[in-house]
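The values are calculated or read from the model by the stated rules, or taken from the named source; none is laboratory data. This one's a predicted model, so the numbers in the text were calculated from it and none came from an experiment. Cβ: placed from backbone, ideal geometry, glycine included. Neighbour counts: every protein chain shown. Areas reflect the complete protein model, heavy atoms only, side chains present, ligands, DNA and RNA absent. Shrake-Rupley method; radii C 1.70, N 1.55, O 1.52, S 1.80 Å.
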Amino acid sequence: QLQLVESGGGSVQPGDFLTLSCAASGRTFSDYAIGWFRQAPGKGREFVAAITWDGGSTYYRDSAKDRFTISRDNAENTVYLQMNSLKPEDTALYFCAASRRWYTSASEYDYWGQGTQVTVSS
């Protein structure tokens, strides 16, 4: 099956930036839309951003529209999430996920990575 591996998380201060990567292998990566989700302890998995299979359309939760940018490089089988002006409420375990089309619901995705931790605090 399609395998996804996230990387790029870390511990930063408010206002800092991070770029997360999602590397795929196992199946034809360009056939899949990719979503980014995040989950804080005791919370549900929350939609952050998504990108269609060809990169032609992108989608963001309202709190991320002016700060985050999702992009993909199908030749490298990688999706990126550039996060600027990070806030404490962005603290979570970040996952990438794949499906034939994009959704805002985590339950609709077929493949998931293991997650990468983002911590934003003073």
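At-a-glance table
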quantity: Those residues of the range 21-74 which are open to solvent by 30 Å² or more (accessible area, probe 1.4 Å), in a strand (DSSP E or B) and touching a Lys or Arg at 6+ places or on another chain (Cβ under 7 Å), in sequence order; calculated: GLN39, GLU46
quantity: From the options ALA33, ALA92, residue that is among the small types (Gly, Ala, Ser) and closer than 13 Å to VAL118 by Cβ; calculated: ALA92
quantity: Residues within the range 1-20 that are loosely packed, with under 13 Cβ neighbours inside 10 Å, modelled with pLDDT of 95 or more and not in a strand (DSSP E or B), tallied; calculated: 3
quantity: Residues of the range 60-98 satisfying the condition of being modelled with pLDDT under 95, basic (Lys, Arg) and farther than 26 Å from GLN3 by Cα; calculated: LYS65
